[in-house]
Amino acid sequence: MPSMAQREFRSSVQNSKPNPKFPTVSHFSMRQKIAEHRRSLPIATVEKRLIEEVRKNDILIVVGETGSGKTTQLPQFLYNAGFCREGKMVGITQPRRIAAVTVAKRVAEECEVELGQKVGYSIRFDDTTSNLTRLKYMTDGLLLREALLDPHLSRYSVIIVDEAHDRSVHTDVLLALLKKIQRTRSKPTGEKTEIGNLALEVQTNTRDENVPQQNGVSRGCQGRKLSPLKLIIMSASLDARVFSEYFGGAKAVHVQGRQFPVDILYTVHPESDYIDAALVTIFQIHLEEKPGDILVFLTGQDEIESVERLVQERLQHLPEDKRKLLPVPIFSALPSEQQMKAFAPAPTGFRKVILATNIAETSITIPGIRYVIDPGFVKARSYDPRKGMESLDVVPASKAQTLQRRYGWKKLGVLPPIICAFWFIFGFYFSGRAGREVPGKCFRLYPEREFEKLEDSTKPEIKRCNLSNIILQLKALGIDDIVGFDFIDRPSSGAIVKALAELHALGALTDDGKLEDPAGYQMSRLPLEPIYSKALILANQYNCLEEMLITVAVLTVESIFYDPREKREEARTAKNHFASVEGDHLTYLSVYRESDEFLEKKKVAGSGNNIDKIMKKWCKENFVNSRSLKHARDIYRQIREHVEQMGFNVSSCGNDMLEFRRCLAASFFLKAALRQLDGTYRAMESGEVVHIHPTSVLFRAKPECVIFDELMQTSKKYIKNLTRIDPLWLTELAPHHYKTAE
Ligand code: CDP
Ligand code: MG
């Protein structure tokens, strides 16, 4: 077994680099503050040694606690050490969009440049990079897409795969691909090598070339002279061994963290309702504890929005002077500019309570947090390839996640005595560095004995998701042997076979598993699930691309309707106004269109400046989720750009909804269900007995045959987002699938 050499770096001497420029007076204190902050980070003292290690090792694993400065500082160290000479870039990948955005903004600020110059980010549907960009933060999925157009990622001298412990499916595939690319790029001059089946000639000397950019993706580079690629794998938790072994015994170094003293508090008894327990704890902290913001880990958008509402409501019962508590949601489906609100300081005198999903576990650092509330749950996706069914279940978080959550804060005060009987102190865990740091508190909403029962770490996503999208991308990269591909953790062969069959049925792959031309290529280039890409390609032929773009945009966001528990009846009446007898897709279309018409009317009436407020009011009155609608509009605009670049002409079928429904049937034929005598449905592909989800407009109508968007197991097996179709359309529009099945 390969050995893993681990070296510990310790903070010792402060690294104080003189600032070469003379700051203007207005910037002075800000710049000084930033410089001081950078110098105070644990990683600052080991800059030289880290750079030495990078020079000596082509693959380096860097482990360090959250907040030690890995993500923001290491790329700057590399820049200063000359890794961006000759137009080369350092690429830093993140599993989450928000981390790429916030960290790039922070680093641009630290470098005193505008975002998009030396420092930029690129995420799906949002690219701020330019030809000047040298430190590029991006999602791991985006770098995979870049590899489609530049198979050797030749513009990068170093790629840092950050948050590798997260083990997102994109991270796992990226690691495998980078391993391959690195080998290719370190081959001696002139030797023929292969990435997938793309044979390329490799030369070792570099040249300064600015490759034109399109949609954040560098263009192809065949024939380009290649230089070796450095890989850095960064991880917050101590599971470096798995990465080291995967990379043949790669060296791992540990950056000493800045570990704040932290009190972990457990409830004495189990909590039956963790939402209620979280609310009680929020108010308990607000009323009894010293100033400092609160971070609460919840499982998803619905839960966050409901807690947000409940906090607002309960505040109304407090005396006026105790109401200075500001709930701020943050979850991945939230549009970026709204996510950024979590980072803004609370208004004077207010305490912020950040309601977050696990995106706040390791990838982002929100300043000012002093209290963490951890109910100990997470929403986890799992996938059963045999049934083609996804489940989204709320399950206990793993030990690794739980351990990360306690580090929610960075600015700390003085440890107050514990006065509350509801909690007992479990431990005083870490001692901080002298003088400057003082503790925070983490409230775990379960008894201590439950902690030991948690799983050590979360199962890699690649083992619990539908693989069709990732396999399509691998095929587009020229990797045909998916089963033999060098994954860090191999997905099950059942999941691979299922995904290949699905891609074949959608017309993305030929009978012998190669990418179909042009459909497969087109589908691999759209940043969407293959079935949505297929729907857009077909809609272009059915002249209903406009309608399909709206539909796909709405399906991509979380629920477009706002359905508060306490106003169920009013919400239902409002929804009925938009409801179509043909199903949910047409209902979403009418929400989108009505909001569009309303917007236009208001613009014409000269309400341009107030449009956000007016739109929010319209949404509230119509029980439409304004955040989701805004997000859907953004996505619509961006996918539209993509299809237009592919040469599609965006036309509308007007009121001819028959054509649109036929197009839905032709695209979603793998997701069709037939009503049975007892009123349940049978999913035609898997044979599963399923139920129409109560949120569907077809819940009561129960048409004979439907296509659906999602098959989910929660309390029952539900199908969601449905449209009524004629069962005969299936054999007519998807004969390759339905005739052979007879
Ligand atoms: O990657 P790692 O968790 O090691 O740390 P980092 O993200 O580089 O953050 C280092 C420090 O920079 C944090 O402790 C924060 O104090 C600060 N930071 C910030 O103020 N704003 C950000 N958007 C990111 C980091
Ligand atoms: Mg980080």
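The values are calculated or read from the model by the stated rules, or taken from the named source; none is laboratory data. Since we're looking at a predicted model, the values are computed, not measured. Note that we place each Cβ from the backbone using ideal geometry, even for glycine, and neighbour counts take in every protein chain shown.
Give the number of residues within the stretch 359-380 that are within 14 Å of ligand 1 (Cβ to nearest atom) and β-branched (V, I, T).
So the answer is 6.
Being modelled with pLDDT under 95, surrounded by fewer than 18 Cβ atoms within 10 Å (Cβ to Cβ) and of a type in the set (A, V, I, L, M) narrows it down to one of L265, L318, L226, so name that one. So that I can check it myself, show each step before the final result.
Working: L265 fails: surrounded by fewer than 18 Cβ atoms within 10 Å (Cβ to Cβ); L226 fails: surrounded by fewer than 18 Cβ atoms within 10 Å (Cβ to Cβ).
Only one candidate passes the filter, namely L318.
Answer yes if at least one residue in the stretch 373-387 is modelled with pLDDT of 90 or more, among the charged types (D, E, K, R), in contact with a strand residue (DSSP E or B) (Cβ under 9 Å, 6 or more places away or on another chain) and surrounded by 16 or more Cβ atoms within 10 Å (Cβ to Cβ), and no otherwise.
Taking the stretch 373-387 as the starting set, the residues that turn out to be modelled with pLDDT of 90 or more are 373-378.
In the following step, the residues that additionally are among the charged types (D, E, K, R) were identified as 374.
Checking the rest, the ones that are also in contact with a strand residue (DSSP E or B) (Cβ under 9 Å, 6 or more places away or on another chain) come to 374.
Add one more test, that the residue is surrounded by 16 or more Cβ atoms within 10 Å (Cβ to Cβ), and what stays is 374.
For the stretch 373-387, residues modelled with pLDDT of 90 or more, among the charged types (D, E, K, R), in contact with a strand residue (DSSP E or B) (Cβ under 9 Å, 6 or more places away or on another chain) and surrounded by 16 or more Cβ atoms within 10 Å (Cβ to Cβ): present.
So for the stretch 591-598 (the condition being within 24 Å of the chain's Cα centre (by Cα), under 30 Å from L310 (Cα atoms) and surrounded by 13 or more Cβ atoms within 10 Å (Cβ to Cβ)), does at least one residue qualify?
As a first pass, look at the stretch 591-598 and keep what is within 24 Å of the chain's Cα centre (by Cα): none.
Checking the stretch 591-598: not a single residue is within 24 Å of the chain's Cα centre (by Cα), under 30 Å from L310 (Cα atoms) and surrounded by 13 or more Cβ atoms within 10 Å (Cβ to Cβ).
Is one or more of the residues making up the stretch 122-132 part of a loop (DSSP other than H, G, I, E, B), under 17 Å from the mean Cα position of the chain (by Cα) and either under 25 Å from M30 (Cα atoms) or more than 16 Å from ligand 2 (Cβ to nearest atom) (or both)? Give the derivation first.
In the first step, residues of the stretch 122-132 are kept if they are part of a loop (DSSP other than H, G, I, E, B); the result is 124-125, 128-132.
Those left that are additionally under 17 Å from the mean Cα position of the chain (by Cα): 124-125.
Filter again for either under 25 Å from M30 (Cα atoms) or more than 16 Å from ligand 2 (Cβ to nearest atom) (or both), leaving 124-125.
There is at least one residue in the stretch 122-132 that is part of a loop (DSSP other than H, G, I, E, B), under 17 Å from the mean Cα position of the chain (by Cα) and either under 25 Å from M30 (Cα atoms) or more than 16 Å from ligand 2 (Cβ to nearest atom) (or both).
Could you give every pair whose Cβ atoms fall below 6 Å, whose first residue belongs to the stretch 725-740 and is modelled with pLDDT of 95 or more, and whose second residue is surrounded by 13 or more Cβ atoms within 10 Å (Cβ to Cβ) and outside any helix (DSSP H, G or I), counting only separations of at least 6 or pairs across chains?
Matching pairs, first to second residue: I725/C705; I725/I707; P727/C705; L730/A672.
For A99, indicate whether it is within 10 Å of ligand 1 (Cβ to nearest atom), in contact (Cβ under 8 Å) with a residue 40 or more places away in the chain and small (G, A, S). First the steps, then the outcome.
Details: within 10 Å of ligand 1 (Cβ to nearest atom): yes; in contact (Cβ under 8 Å) with a residue 40 or more places away in the chain: yes; small (G, A, S): yes.
So A99 passes the test.
Can you spot a residue in the stretch 58-65 that is away from ligand 1 (no atom under 16 Å from the Cβ), modelled with pLDDT of 80 or more and over 24 Å from V242 (Cβ atoms)?
Step one: of the stretch 58-65, the residues away from ligand 1 (no atom under 16 Å from the Cβ) are 58-59.
When the remaining residues are screened for being modelled with pLDDT of 80 or more, the result is 58-59.
If we keep only those that are over 24 Å from V242 (Cβ atoms) as well, we get none.
There is no residue in the stretch 58-65 that is away from ligand 1 (no atom under 16 Å from the Cβ), modelled with pLDDT of 80 or more and over 24 Å from V242 (Cβ atoms).
Considering every residue within the stretch 126-141, establish whether at least one is among the aromatic types (F, W, Y), within 16 Å of ligand 1 (Cβ to nearest atom), in contact (Cβ under 8 Å) with a residue 24 or more places away in the chain and not assigned by the TED database to the domain that holds A342.
First, the residues of the stretch 126-141 that are among the aromatic types (F, W, Y): 137.
If we keep only those that are within 16 Å of ligand 1 (Cβ to nearest atom) too, we end up with 137.
Next, from what is left, pick out any that are in contact (Cβ under 8 Å) with a residue 24 or more places away in the chain: 137.
Okay, now just the ones that are also not assigned by the TED database to the domain that holds A342, so 137.
Within the stretch 126-141, one or more residues are among the aromatic types (F, W, Y), within 16 Å of ligand 1 (Cβ to nearest atom), in contact (Cβ under 8 Å) with a residue 24 or more places away in the chain and not assigned by the TED database to the domain that holds A342.
Please go through the stretch 641-700 and give me each residue that is surrounded by 14 or more Cβ atoms within 10 Å (Cβ to Cβ) and polar (S, T, N, Q), ordered by number.
Within the stretch 641-700, S651, S652, S667, T680, S686, T695, S696 meet the criteria.
Can you name the residue in the stretch 331-358 that is hydrophobic (A, V, I, L, M, F, W, C) and within 13 Å of ligand 1 (Cβ to nearest atom) and, of all such residues, is nearest to the chain's Cα centre (by Cα)?
So the first thing to find is which residues in the stretch 331-358 are hydrophobic (A, V, I, L, M, F, W, C), and the list is 331, 333-334, 340, 342-344, 346, 350, 353-356.
From what is left, the residues that are within 13 Å of ligand 1 (Cβ to nearest atom) are 340, 342-344.
Details: M340: 15, A342: 17, F343: 18, A344: 21 Å.
Out of the qualifying residues, it is M340.
Take L310 and tell me if it is in contact with a Leu (Cβ under 8 Å, 6 or more places away or on another chain) and farther than 27 Å from A632 by Cβ. Lay out the reasoning, then the answer.
On the way: in contact with a Leu (Cβ under 8 Å, 6 or more places away or on another chain): yes; farther than 27 Å from A632 by Cβ: no.
No: the conditions fail for L310.
Give, as residue ranges, the strands (runs of 3 or more DSSP E) completely inside the stretch 629-739 that count at least 2 residues that are farther than 26 Å from A553 by Cβ, assigned by the TED database to the domain that holds D302 and polar (S, T, N, Q). Please lay out each step first, then the result.
Working: elements: 672-675, 681-683, 689-692, 705-713, 717-724.
Those strands (runs of 3 or more DSSP E) do not exist here; none qualify.
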